[in-house]
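K.L.:
Would you mind keeping the following structure in view while I ask a few things?
The values are calculated or read from the model by the stated rules, or taken from the named source; none is laboratory data. Keep in mind the model is a prediction, meaning the values are calculated, not measured. Cβ coordinates were reconstructed from backbone atoms using ideal geometry, including for glycine residues, and neighbour counts include every protein chain displayed.
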Amino acid sequence: MPSDWIYTDPLFYLTAIPAILLIGISKSGFGSGFGSLAVPLIALSVTVPEAAAVLMPLLFVLDLLALRAYRHEYDKALIRSLLPWSMVGIVVGFLLFKYLNSHIVEGVVGVFALTFVAQRVLFPPSPQGVILPRWIGATLTAMSGFTSFVAHAGSPPLNAYLLPMRLPPITYAASMAVLFFWVNLSKWIPYAALGLLDMRGMVTAVLLMPFTPIGIWIGVRLARKMSPKVFYACIQVGLGLTGCKLVYDGFIRGA
């Protein structure tokens with residue numbers, strides 16, 4: 001196989017393999033937020049567009065695995081209400097992509113994630129859960145579609161809407177899996193139109209494909225066995241770490 005068809009730098013694989021595992025764990029619902037670390041992590045060895053190109057086929061496989069694990073357990077009404085707004089965010093991301101600095105977007109998402117985690121720690125939510133107004137859900141979901149398109153970092157805004165609901169862990173995990181399956185599927189055509197997909201990224205993704213089930217398997221087992229209190233505490237930790245990394249990459253490393 002010609003060397004220009006795949007990435008050969010060992011550092012790339014040292015960052016890509018942990019990134020795939022983190023996405024798999026995030027896709028299972030457990031530790032949701034960790035998946036947003038994938039692009040910044042791989043971007044330690046390649047450019048952000050190259051990282052996005054490699055991740056697209058892997059995200060598709062990870063989404064299918066997550067759907068298979070949770071295919072009967074998602075909240076259909078919730079998905080019907082959120083999906084159209086996520087598509088709005090995708091369209092906005094596509095239209096603005098060439099004019100945006102991806103590092104600034106990462107930094108803003110990081111600040112958003114840290115602010116949300118701080119609010120949750122200082123003002124703990126009711127154990128019964130709170131449903132925020134629909135306009136807030138629509139805004140945050142559109143923001144999630146937008147940040148997913150430009151930086152593969154869609155979970156922090158969406159978590160700001162879903163976590164206060166205190167859904168059962170499996171319902172939460174399944175609903176996230178279904179929503180992001182459609183979000184990521186909808187990105188293929190605009191990514192191709194923007195020239196973000198190439199043969200090198202596709203072939204490299206195929207080589208990395210065997211690692212995709214491992215993170216899903218770990219996350220699903222943990223999500224099914226863990227108490228809701230511990231489950232949501234782990235998600236907040238994931239969001240906090242994600243926020244720190246995105247702020248660093250966006251405002252310090254990317255400056």
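K.L.:
Go through (1) modelled with pLDDT under 80; (2) crowded, with 24+ Cβ neighbours inside 10 Å; (3) over 21 Å from Leu239 (Cβ atoms) and name the single condition Met1 misses.
P.N.:
(2)
K.L.:
Looking only at residues in region 70-118 that are surrounded by fewer than 20 Cβ atoms within 10 Å (Cβ to Cβ) and charged (D, E, K, R), which one is nearest to Tyr191 (Cα to Cα)?
P.N.:
Across region 70-118, the extreme among qualifying residues is Lys98.
K.L.:
May I ask you to list the residues in region 187-214 that are among the aromatic types (Phe, Trp, Tyr) and more than 21 Å from Phe94 (Cα to Cα)?
P.N.:
Residue satisfying the conditions is Phe211 alone.
K.L.:
Still on this structure, please answer the following. Hey, among the residues in region 119-133 that are exposed (fewer than 11 other Cβ atoms within 10 Å of the Cβ) and of a type outside the set (Ser, Thr, Tyr), which one's modelled with the lowest pLDDT?
P.N.:
Phe123
K.L.:
Next up: Out of region 55-103, which residues are out of contact with any Leu (no Cβ under 8 Å at 6 or more places or on another chain), among the charged types (D, E, K, R) and either part of a helix (DSSP H, G or I) or at pLDDT 85 or above (or both)?
P.N.:
Matches in region 55-103: Arg68, Glu73, Lys76, Arg80.
K.L.:
Sort out for me the helices (runs of 4 or more DSSP H) sitting completely within region 158-223 that have 1 or more residues that are at pLDDT 90 or above and among the acidic types (Asp, Glu).
P.N.:
Those helices (runs of 4 or more DSSP H) do not exist here; none qualify.
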